[in-house]
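Below is one structure, written out as structure tokens; the observations come after it.
The values are calculated or read from the model by the stated rules, or taken from the named source; none is laboratory data. Remember, predicted model here, so these are calculated numbers, not experimental data. When we count neighbours, we look across all protein chains shown, and the Cβ atoms used for this are built from the backbone with ideal geometry, even at glycine. Only protein heavy atoms, including side chains, enter the accessible area calculation; ligands, DNA and RNA are left aside. Shrake-Rupley method; radii C 1.70, N 1.55, O 1.52, S 1.80 Å.
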Amino acid sequence: MENAIDAHSSQIHIEIERGGSALIRIIDDGDGINKEDLALAVTRHATSKIKTLSELEQIISLGFRGEALASISAVSRLSIKSKEAEQEQAWMINTGTESDFANYSADPEPVAHPQGTTIEVRDLFFNTPARRKFMRTIKTEFKHIDDIVKRIALSQFDITFKLTHNKKLLRNLPKAVTEKAISQRISKLFSPEFLCNANKVDFISDHFSNMGQIRLWGWVSAPQWNRKQSDWQYFYVNGRYIKDKLVNHALRQAYQELLPEDTFSAYLLYLEIDPQQVDVNVHPTKHEVRFRQTRLVHDFIYSGIKQALFPQSSAFEIASESMNDSVDQSAALSTHDEHYINRYRQTNSNQHAADYYQPKMHSSLNQNQVAEQLNGLTQLYRSASHHLTEKTEHEQATKSPAINTSKELFFGVSLGCLIPNYLMSQAVPADEDTQVFIIHLARAQQFLLSQLFQMGQKTPLLIPETINLSSQQIELLLEHQSELERWGLDISQLGTDTLMVRKMPFLCNIPGCKINLSPFVHSIAQNIKLKNAINDAVMLEILLNSIISDVLNASEQARLLQMLSEQIYLYGVESAALLKPVIWKILDESSLDKLLA
Ligand code: ADP
Ligand code: MG
């Protein structure tokens, strides 16, 4: 959907089948992709959205890393049909059973398609059964999709959206240009209740410090009205939905003492700011941003909301004070702000806190990384025209340095295994409080394995292992030998009641991960005896339960945290947080307060 928006579409249709597991089809009427670029679009780190260094520092598109299509093509059957306005003919590429476009070399085929693009994702995770198993019910998966459609539709009023599930039209949102139409869309997506109880925000400044024009507009719930959940809180920065601590803080502060405990405000807010003033390349999900001038943006949002909540009060005066180009910023701070600053000064004496308060321009862009990224991108562009014919150059280009997607690991750095079976780590996310994680080692390893496991891969054993089993069990296992091989298990009979294992399932290089072989094989035999068949879901379960953990050294701890962070980002931090059994907990001030109460 973001690609369709970046391509200036005016209509986007989303067609879903079986919660997205069978089909996700996005049809747009945007700029389209030309024949030569089709295969490039699914190449990792290929993007048409950034061409120069300065563009990387002021991103105006929603996408810019060139990862979405490449990643999706690796775990589904993907096809793209597209036609540019200037082209006579539409073209299509199709991964078919090819699991990754990395090896894709077929030429695009002609196809009938109007201007725009249709992306079809079929059989999501068909080649990663373990991951497929982790999909939720159709209903839940569709709800996730619907939430995203909603989130996007609330920021792109001039685009028509249609969403169908199993061919049933569930959302029909015509383009909304007039104020009335916009209100209608909002009422449809939240409920009419929201706008009835909301104050309008429109706060603008042309001469805001040295930041250029900045505008905050939208709606915030009136002080006397509130919700039990925080589900109606939407904040966008230049059209991008974000969740940001700084923004939250500014809003909470503006509402301070207006909301009863355990209740939440509702808001739909749009911040428009010079793209140079925000770094969106901070977090893989792109839902977090970093403002170059955090303090000023915080004050601006606070003032804008205050003014909307109390139009008659002196908030505007406070605001204009704090917006002055005054050299001494602190002169304009309210008492609340002082509090806020002091709290940070006290709790964060490290470098990170210093960054927080003395934001430098471009502080978060490491120039070396940027140069590397650009180098890679330039190579890709250069090779774009011949990349279908000149495979070697194309291969070189795809191996060029990647856009760094994990500037900050979700789990941060290891503090060690202070308690047996638990790994502790510390993350210092940008603009956020330090977080200490307690990670259940075995569960983390099981989660990783369930995400990464691929059929058909094996670990050969230097010295084959033998297991004692009854001859009946051995017979059962041998009957299913070929199926077991898919799971990486290579067995043969050594004696009447001895089984020899030459290869074991591949555990994806997860640090500290080992298979407890004898119980593993016994469980399989027992299961085959019960069901007289091998069920993939059960096999996975058995495999996960047969894992034992070794003691991890420091570099293994670091690697585990890195692998885990990557998977959590892929999985989505929010859905990962709901995983049962619980893999990790965050130790923060409030949980410690509770613990020690
Ligand atoms: P990114 O959006 O970060 O560039 P993607 O993998 O999402 O990376 O897409 C790769 C490229 O494919 C885009 O840069 C764009 O050129 C092209 N593309 C993808 N989807 C569309 C679309 N719906 N319309 C036009 N171009 C598209
Ligand atoms: Mg994209």
Q: Report yes if residue 231 is in a strand (DSSP E or B) and open to solvent by 20 Å² or more (accessible area, probe 1.4 Å), otherwise no.
A: no
Q) Which one is farthest from residue 553 (Cα to Cα) among residues in region 475-518 that are among the small types (Gly, Ala, Ser) and open to solvent by 30 Å² or more (accessible area, probe 1.4 Å)? A) 482
**Q.** Subset of region 417-445 that is more than 14 Å from residue 557 (Cα to Cα) and open to solvent by 50 Å² or more (accessible area, probe 1.4 Å) - its residue that is nearest to the chain's Cα centre (by Cα)
**A.** 428
Q.
If residue 44 satisfies all but one of (1) within 13 Å of ligand 2 (Cβ to nearest atom); (2) open to solvent by 60 Å² or more (accessible area, probe 1.4 Å); (3) more than 19 Å from the chain's Cα centre (by Cα); (4) closer than 18 Å to residue 94 by Cα, what's the number of the condition it fails?
A. (3)
Q.
For residue 60, only one of the following conditions fails: (1) of a type in the set (Val, Ile, Thr); (2) away from ligand 2 (no atom under 16 Å from the Cβ); (3) exposed (fewer than 15 other Cβ atoms within 10 Å of the Cβ). What is its number?
A. (2)
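Matching residues to (1) surrounded by 14 or more Cβ atoms within 10 Å (Cβ to Cβ); (2) closer than 15 Å to residue 23 by Cα; (3) over 20 Å from the mean Cα position of the chain (by Cα); (4) away from ligand 2 (no atom under 16 Å from the Cβ):
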| residue | (1), (2), (3), (4) |
| --- | --- |
| 107 | no, no, yes, yes |
| 110 | no, no, yes, yes |
| 114 | no, no, yes, yes |
| 118 | yes, yes, yes, no |
| 121 | yes, yes, no, no |
| 135 | yes, yes, no, yes |
| 140 | no, no, no, yes |
| 144 | yes, yes, no, yes |
| 150 | yes, no, no, yes |
**Q.** Selection from region 34-70 of residues that are of a type in the set (Gly, Ala, Ser) and near ligand 1 (Cβ under 8 Å from one of its atoms)
**A.** 41, 46, 48, 61, 63, 66, 68, 70
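In the set 246, 259, which member is modelled with pLDDT under 90 and in a loop (DSSP other than H, G, I, E, B)?
Exactly one of 246, 259 is modelled with pLDDT under 90 and in a loop (DSSP other than H, G, I, E, B), namely 259.
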